[in-house]
Amino acid sequence: MTKKKLVVIGAGMASGRMLEHLLEGGGPESKNWDVTLFNGEPRGNYNRLMLSPVLSGEKTYEQIVTHDDDWYEAQGIACRFGEQITQIDRERQVVVSKGGETPYDALVIATGSAPFIIPVQGKDLPGVCTYRDLEDTNAMIAASRPGAKAVVIGGGLLGLEAAAGMAARGAEVTVIHLMGHLMERQLDPSAGYLLQKDLERRGIRVHCKGATKAILGKDRVEAVLLDDGTVYDADLVCMAVGIRPEVRLANDAHLEVGRGIVVNDQMQTSDLAIYALGECVEHEKQLFGLVAPLYDQAKILAETLNGNTAAFQPVQTATKLKVTGVDLFSAGDFAEGPGREDIVFRDPGRGVYKRLILEGDRLLGAVMYGDTADGSWFFDLIKQGKDVSDIRDTLIFGPAFAAGGAAANPLAAVAALPPEAEICGCNGVCKGKIIQAVEGGATTLDAVRATTKASSSCGTCTGLVEKVMALTLGDSFTANANPPMCKCTDHTHEDVRRMIKAQGLKSIPAVMQELGWKTVGGCASCRPALNYYLLADWPLEYRDDRQSRFVNERNHANIQKDGTYSVVPRMWGGVTTPAELRAIADAADKYNVPMVKVTGGQRIDLLGVKKEDLPAIWSDFNEAGMVSGHAYAKGLRTVKTCVGEQFCRFGTQDSTGLGIKLEKLLWGSWTPAKVKLGVSGCPRNCAEATCKDVGVVCVDSGYQISVAGAAGMDVKETELLCTVPTEEEALEVIAAFAQLYRENARYLHRIYKWVAKVGLDWCKDQIADRATRKALYDRFMISQSVYQTDPWAELAERPADWAPIKTLTLEAAE
Amino acid sequence: MTGTWTLVGPLADIPRQGARVVKTRNGCIAVFRTAEDEVFALNDSCPHKGGPLSEGIVHGTSVTCPLHAWVFDLNSGTAQGADVGQVPTWPARVEGGQVYLDIGQLG
C-alpha cells in the first residue's frame with residue numbers, strides 16, 4: 001500500500017513532540033506516513049525553553065537539541081531545514097518552497113509565533129534583537145561582554161530570563177517594563193516587588209511604568225529613550241514584549257484565522273486536510289504560550305492522524321521563572337472575581353509571600369514567592385477542583401499541616417518557642433528576656449521597649465513581642481493603646497513611618513510585604529497615607545501613585561456633591577490683575593460655570609465645572625498665565641495677606657510681598673494635611689494670620705512667626721515659634737518648619753494636632769538649631785525640585801482621560 | 001453566554017485600580033479595573049447621596065465612595081460594614097484586550 005504524505009511546516013517543540021507520538025509510539029498505523037519536515041530555521045527540533053540556560057552559560061546548544069540527524073533518519077523523515085514555505089495551494093494539496101512544490105495528503109502547520117516588535121524609531125538598528133531563537137541567543141551572548149550595557153524591553157517571563165542570562169555573563173542590564181510590576185500576568189504586585197528586589201540584588205536595574213519612546217543610535221544602537229525622558233545607554237537592546245501567532249501562511253491560504261489559526265478539538269483547521277498546533281493556533285478563542293498545553297495538542301494531533309479519536313482539552317498551567325536562585329510559582333486563576341476570597345501569608349524576614357485564591361470550597365489559584373516547595377501540591381488541588389473546606393484554616397501552611405499538624409494558632413506557635421529564641425533581630429533580644437522584663441513589671445509595649453530594646457529599632461517584630469507579652473500576662477494584657485493604621489495592619493502610623501525610613505522601603509508593595517500587611521492591596525484609608533509617606537521620604541526615588549490618591553488630588557479639583565468640580569486658579573498672595581480677572585470671567589462664561597465665588601483664602605472659585613471640561617478650562621487658564629491653586633490638595637493651599645506698607649498707613653513691612661514669596665516657595669509641596677498661611681503687615685492682623693497653620697505678623701523689628709493655629713472644627717490661636725529680623729530668615733524658617741511637619745506628622749493630622757503631640761518646644765529646638773534648620777530647608781528644596789510642577793499643564797494634554805470611555809446616548813438623541 | 005454584549009473600549013484605557021464611565025440613556029455606568037485586570041460594572045451612583053463611585057479608591061475588589069467613604073463590593077454591589085445599600089451591577093468581560101458590558105436595553 002502506498003504511504004500517505006504528511007508535510008509538517010515548522011520544527012518547533014510542539015511539532016517535534018507530535019512526530020514522536022506519531023512515529024514512535026503510534027502502532028502499525030504510524031508506518032503509513034511519509035513525513036517531510038520543513039523549518040525556516042536552518043536546524044531541527046531543539047528545546048526552545050532551554051535557550052535561557054544557554055544564554056546564561058549553564059548549558060550549550062548541543063545539550064538542548066531534542067532530535068538529532070540520526071533520529072530523523074531512523075524515523076525516515078525528510079528534513080528540509082532552512083527552507084521556508086512560501087505558499088499553501090489547497091486546491092492541488094501542495095506546499096511551495098524554493099525547492100519547488102511538495103504534495104501532501106495531510107498538512108500540519110506549526111509555525112509558532114513571532115516576537116512582537118514595538119513600532120518605535122530605531123527598532124531596525126543593528127544591535128536590536130528579540131528573544132526567540134538560537135540566532136537571538138547567540139547575538140546576546142556575543143554582546144554580553146563584561147561591562148557591556150544591555151537594555152531589555154519587557155519584564156515578562158522571557159524578558160527577565162534574557163536579562164538574567166546577560167547579567168550572568170557580566171553585562172550591565174536594565175529592564176524596562178511598561179506595567180507597574182514585573183510579570184504582571186503571572187504575579188500580583190507583592191510577588192512582583194519581591195522579584196524586583198531579587199533581581200536588583202543581582203545588579204539588574206528595573207524600571208517599571210517605563211514606556212519606550214525611541215531607540216537611539218546612528219549606525220547601531222546606542223541608547224533607549226523613555227517617555228519620561230530617562231535615557232539608558234545600550235550596546236544591545238532586546239525586545240521581549242510579547243509574541244503573536246505566526247499566521248501569515250494560513251491567512252494567505254484563506255483558512256479561518258482569528259488571533260491564531262482556528263482549530264477544533266482534533267486540531268483540525270477549517271480545511272479538513274490541514275491541521276495546526278502550537279503557538280500559532282487558537283482553540284475556543286484561547287491562545288497558548290506555555291509548553292504544557294502544546295504537548296497536549298501534540299498528543300491529540302498524533303492520535304487524530306493515526307485515526308484514533310481524541311479531543312484537546314486545555315488544562316490549567318503553572319509558571320516558573322527559569323532564573324537560578326529565584327523561586328516563584330503561579331498557577332491557576334488569581335484574578336479577583338465574584339465570590340472569590342484570598343488567604344495571604346507573608347514572612348518579611350525570609351522574603352516569603354504566599355497567596356491562595358478560593359471560590360467557595362475550591363482552590364482557584366496560587367501565587368508564591370520565596371518558598372515554592374508546596375507549589376505542586378496546590379497546583380494539584382487547583383486541577384482537581386478538590387473541596388478544601390476541611391483544611392481551609394491551615395491550607396496556606398501546606399500539605400504538612402493538612403496531614404494533621406498542630407492547629408495553626410499564632411499564639412501557640414509563639415508559646416512553642418524556646419526561651420532562647422530570638423524575637424528582635426535588630427537588638428538581639430530573645431523570648432526569655434522579654435518574659436523576664438514583663439514579669440519584672442514592664443506591662444506595656446513602651447515599657448518592654450525601654451527595658452529590653454525589643455522592637456525599638458525597625459519595629460517589624462512588634463507583633464511578636466506583643467504575643468510574648470500576651471502569653472506572659474494572660475488576660476491582663478492590653479494591646480498598644482495607639483490604634484493601628486487601619487484594619488490592613490497592626491502597626492501604627494508612627495511605626496509605619498519609622499520603618500519606611502529605617503528599612504528603606506520605597507514602594508507600596510514593599511511596605512505591604514515587609515511590614516506584613518494583612519490584605520492584598522490595602523484599603524482607601526492606608527493607601528493614600530502610604531503614598532504620602534513614600535513621596536515625602538523618598539522624593540527622588542518614589543513615583544507618585546495616582547490611583548492611591550483621593551479623588552480631589554487625582555483629578556486636581558474638588559469634587560462637589562453633584563459630582564461636578566470646583567476650579568481655583570492660583571493668585572499669588574491673593575493679588576490678581578485685570579487680565580487674570582478677564583480670563584476667569586471668560587472661562588466662567590465659556591464653561592457655563594453656575595457659581596463664581598471668592599474664598600476665605602482670597603481666591604476665586606469656579607464651582608460646578610463638568611469633569612470632561614476640566615482639561616480645557618485648565619488649558620485656558622494656563623494660556624492666561626495661571627497655574628493650579630491646589631485648593632484640593634493636602635499641601636499648601638493659600639497665603640492670605642493684607643496690603644502692607646505699600647498702601648496701608650499702619651503697615652510695618654511688605655506683607656503682600658512676603659506672602660507672594662512664601663507662596664512661590666511652598667506651592668506644589670505635598671503635606672500630611674492642608675496647610676494655610678497668613679501674613680499680616682502689623683499687629684492689627686487684617687490677614688487673620690494668628691488662626692492659620694503658620695502665621696506671620698510683621699512688626700517694626702522683623703517678623704513674628706507663629707504656628708499651630710486652627711479655625712475649623714477646632715478654633716485655636718497660633719503659638720510663637722520664633723521672631724526673625726529679615727525676610728530671608730522668615731522664608732527659611734517657614735520652609736524648614738514645613739519640612740519638619742512633612743517628615744514627622746501622621747497623615748491627615750493638621751499642624752496644630754501634630755504640634756500638640758510632639759510639643760512646641762521640640763519644634764522650637766529643631767528650628768533654633770542652625771544646622772538642623774538648614775538641613776530641613778535643603779531637604780524641602782530637594783522635594784520641591786520634583787513636586788513643584790503645575791499639574792494642569794501636564795494633564796491638560798490628555799483630555800481623553802477625563803471623558804467617558806464610551807457614550808451610548810447618541811442614538812437616543814437622534 | 002446570553003445577552004447583548006456592548007463594546008466599550010480597550011482595557012488599557014482604564015487605569016489599574018481605577019475606573020472610567022460609560023454614559024447611557026439612564027445615567028452613567030462605572031467600569032472598574034482591579035490591580036489584577038478584572039473588570040466590574042456598577043451604576044456610577046452611591047445609594048447614599050449619589051456620589052460617583054468611579055472616582056473612588058479601588059482596593060482589592062472593593063471601591064470606597066469619594067463623597068462619604070461608603071465601601072461597596074464590586075462583585076455584588078452591596079455596601080460593606082455598617083452601611084446598608086445596594087448598587088445595581090452589570091455583567092462585564094474582557095476579550096482580546098477589549099471590555100464588553102451586557103447592559104441590555106441601555107446599550
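What follows is calculated from the coordinates using simple rules that are stated; it is not laboratory data. Every value quoted in this text rests on a predicted model; they were computed, and no experiment measured them. We place every Cβ from the backbone using ideal geometry, glycine too, and count neighbours over all the protein chains shown.
Across region A:169-181, coupling constants 3J(HN,Hα) worked out from phi with the 6.51/-1.76/1.60 Karplus curve, θ = phi - 60°, read 8, x, 6, 8, 10, 10, 9, 10, 10, 5, 8, x, 8 Hz, and Gly and Pro carry x. For region A:551-628, averaging the sequence separation of C-alpha pairs within contact (under 8 Å, six or more residues apart) and dividing by the residue count gives a relative contact order of 36 percent.
Loop-located trypsin sites (Lys or Arg not before Pro) across region A:547-577 with a Cβ neighbour count of 12 or fewer within 10 Å are A:Lys561, with loop assigned by DSSP. Given the options B:Asn26, B:Asn43, B:Asn75, which has the most mean-square fluctuation in a GNM of chain B, springs set between C-alpha atoms less than 10 angstrom apart? Its mean-square fluctuation being the largest, the pick is B:Asn26. For trypsin sites (Lys or Arg not before Pro), the sites in region A:142-214 that DSSP calls loop and that have at most 16 other Cβ atoms within 10 Å are A:Arg185, A:Arg202, A:Lys209. Dipole orientation for chain A: of the candidates A:Gly76, A:Ile396, A:Gln316, A:Ile396 has the Cα lying most toward the positive pole (charges on Cβ; Lys, Arg +1; Asp, Glu -1).
In this structure the amide hydrogen of A:Thr638, modeled in the peptide plane, comes within under 5 Å of the amide hydrogens of A:Leu677, none closer than 5 places in sequence on its chain. Here the Kirkwood formula puts the hydrodynamic radius of the protein assembly as shown at 31.8 Å, using every distinct Cα pair.
Placing unit charges on the Cβ atoms only, positive for Lys and Arg and negative for Asp and Glu, gives chain A a dipole magnitude near 1960 debye about its Cα centre. The amide H of A:Gly242, built 1.01 Å from its N in the peptide plane, has A:Phe116 as neighbours under 5 Å, considering only residues 5 or more places off or on other chains. Amide H contacts under 5 Å for A:Cys686: A:Gly681, restricted to partners 5 or more places along the chain or on a different chain, H placed in the peptide plane at 1.01 Å from N. Relative to the dominant Cα principal axis of chain A, helix A:770-787 is inclined by about 50°.
Comparing B:Gly18, B:Gly51, B:Gly97 in a Gaussian network model of chain B, where Cα atoms under 10 Å apart are tied by springs, the biggest mean-square fluctuation is seen for B:Gly97. Three semi-axes describe the equivalent ellipsoid of region A:548-688; taken as square roots of 5 times the Cα gyration tensor eigenvalues and ordered largest first, they are 28, 18, 12 Å. Of all DSSP bridge pairs formed entirely within the protein assembly as shown, close to 70 percent run antiparallel. Scanning chain B for cysteines with no neighbouring cysteine C-beta under 4.7 angstrom from their C-beta gives B:Cys28.
When its C-alpha radius of gyration is set against 2.2 N^0.38 Å (N residues), region A:117-241 gives a value of 0.96.
Relative contact order of chain A, taken over Cα pairs closer than 8 Å and 6 or more residues apart, is 7 percent. Projecting the Cα atoms of B:Phe72, A:Gly681, A:Thr452 onto the charge dipole of the protein assembly as shown (Cβ charges, centred on the Cα centre) puts A:Gly681 farthest toward the positive pole. Under 20 Å of direct C-alpha separation, and excluding same-chain neighbours fewer than eight residues apart, A:Lys506 reaches these lysines: A:Lys197, A:Lys209, A:Lys518. Considering only alpha-carbon pairs that sit under 8 angstrom and 6 or more positions apart, the relative contact order computed for region A:636-789 is 20 percent.
Simple rule: put +1 on each Lys or Arg Cβ and -1 on each Asp or Glu Cβ in chain A, find the dipole, and look at A:Ala470, A:Tyr542, A:Ser525; the Cα lying farthest toward the positive end is A:Ala470.
Pairing the Cα long axis of helix A:655-666 with the longest principal axis of chain A, what angle in degrees results, from 0 to 90 and rounded to the nearest 10? Once rounded, one gets 20 degrees.
Residue by residue, region A:6-20 carries 3J(HN,Hα) couplings of 10, 10, 10, 9, x, 10, x, 5, 5, 5, x, 5, 4, 5, 4 Hz when phi is fed to the Karplus relation 6.51 cos²θ - 1.76 cosθ + 1.60 (θ = phi - 60°); x denotes Gly or Pro.
Sorting A:Leu363, A:Leu665, A:Leu411 from the fewest to the most surrounding beta carbons within 10 angstrom yields A:Leu411, A:Leu665, A:Leu363.
What the Kirkwood sum gives for region B:6-106 is a hydrodynamic radius of 13.2 Å, with every pair of different alpha carbons counted.
Each Lys and Arg Cβ is given +1 and each Asp and Glu Cβ -1; about its Cα centre, region B:6-106 then shows a dipole of about 280 debye.
The Cα center of region B:56-107 and the Cα center of region A:747-814 differ in position by 29 Å.
For region A:206-223, 3J(HN,Hα) computed residue by residue from phi via the Karplus equation (6.51, -1.76, 1.60; θ = phi - 60°) reads 10, 10, 8, 6, x, 9, 6, 9, 7, 9, 9, x, 8, 9, 8, 5, 10, 6 Hz, glycine and proline entered as x. Annotation for region A:11-117: GluC sites (Glu not before Pro) lying in DSSP loop with at most 13 further Cβ atoms inside 10 Å of their Cβ are A:Glu24, A:Glu91. Pull up the cross-link candidates among the lysines for A:Lys213, meaning alpha carbon to alpha carbon under 16 Å and not fewer than 8 places away within one chain. Reachable lysines: A:Lys123.
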